[in-house]
Amino acid sequence: MARIAGVNIPTQKRVVIALTYIHGIGSTKAREICKTVGIPAERRVNQLTDDEVVQMREAIDRNHVVEGDLRREVAMNIKRLMDLGCVRGLRHRKGLPVRGQRTHTNARTRKGPARPIAGRKKTV
């Protein structure tokens, strides 16, 4: 089992797919990493040599912000917005959608499950 950036990546999958299990690496960055290290796209993780795994690990550490550092950076950006008191920060603070989506209906993912309004009676 290969361990890159603190994540155990699956051994039976292709390298390009397995790299996307690391937070901060999508399919485009995964293809780019494989290209720089010189690993063909159809290779599986269990077919990699130890040297290739080390090369990938070094390439990721050198060129990309991933996992804990990326999560910390995103959290700090959101905290900065909330401390400033700008509109985006207030929306984060209230747990509402930040990017202009409608909230009259929908937005249940951000707002949570619907709560009944006290004092209203159901009409039959």
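The values are calculated or read from the model by the stated rules, or taken from the named source; none is laboratory data. The structure displayed is predicted, hence computed values, not measured ones. Don't worry about glycine lacking a Cβ; one is built from the backbone with ideal geometry, like all the others, and counts go over all protein chains shown. Ligands, DNA and RNA are excluded from the accessible area calculation, which covers all protein heavy atoms including side chains. Shrake-Rupley method; radii C 1.70, N 1.55, O 1.52, S 1.80 Å.
Per residue, how many Å² of accessible area does the chain show with a 1.4 Å probe? On a per-residue basis, the chain sits at 74 Å². With K and R counted +1 and D and E -1, the other residues having a Cβ less than 12 Å from that of G100 yield a net charge of +4. May I ask you to give the percent of accessible area on region 1-57 that is carbon plus sulfur, with a probe radius of 1.4 Å? Here it works out to 47 percent.
Ranked by solvent-accessible area (1.4 Å probe, protein heavy atoms only, all chains present), the residues L19, L84, L96, L90 order from largest to smallest as L84, L90, L96, L19.
Among the protein heavy atoms, those of D50 account for about 130 Å² of accessible surface (1.4 Å probe, every chain in place). Along region 24-39 the Karplus relation, 6.51 cos²θ - 1.76 cosθ + 1.60 evaluated at θ = phi - 60°, assigns HN-Hα couplings of x, 10, x, 5, 5, 5, 5, 5, 5, 5, 4, 5, 5, 7, x, 9 Hz to successive residues, with x for each Gly and Pro.
Our analysis of the chain gives Rg over Rh at 1.21, with the two radii drawn from alpha carbon positions and Rh computed by the Kirkwood formula.
Compute the length gained on full extension between T20 and H104: take 0.36 nm times their separation in residues and subtract their Cα-Cα distance, giving the result in nm to one decimal.
Computed gain between T20 and H104 is 26.7 nm.
Residue ranking by accessible heavy-atom surface, 1.4 Å probe, largest first, among M82, M56, M76 comes out as M76, M82, M56.
Remark on I4: its backbone amide H falls under 5 Å from those of I9, a criterion applied only to residues 5 or more positions apart or on other chains, H modelled at 1.01 Å from N. Go through T11, I39, A118 and say which Cα lies farthest out towards the positive end of the charge dipole of the chain; charges sit on Cβ, +1 for Lys and Arg, -1 for Asp and Glu. Looking along the dipole axis, the top candidate is A118. Along region 86-98 the Karplus relation, 6.51 cos²θ - 1.76 cosθ + 1.60 evaluated at θ = phi - 60°, assigns HN-Hα couplings of 6, 4, 4, x, 5, 5, 4, 4, 7, x, 9, x, 9 Hz to successive residues, with x for each Gly and Pro. For the set H23, H64, the ranking by accessible area, highest first and with no ligand, DNA or RNA atoms included, is H23, H64 under a 1.4 Å probe.
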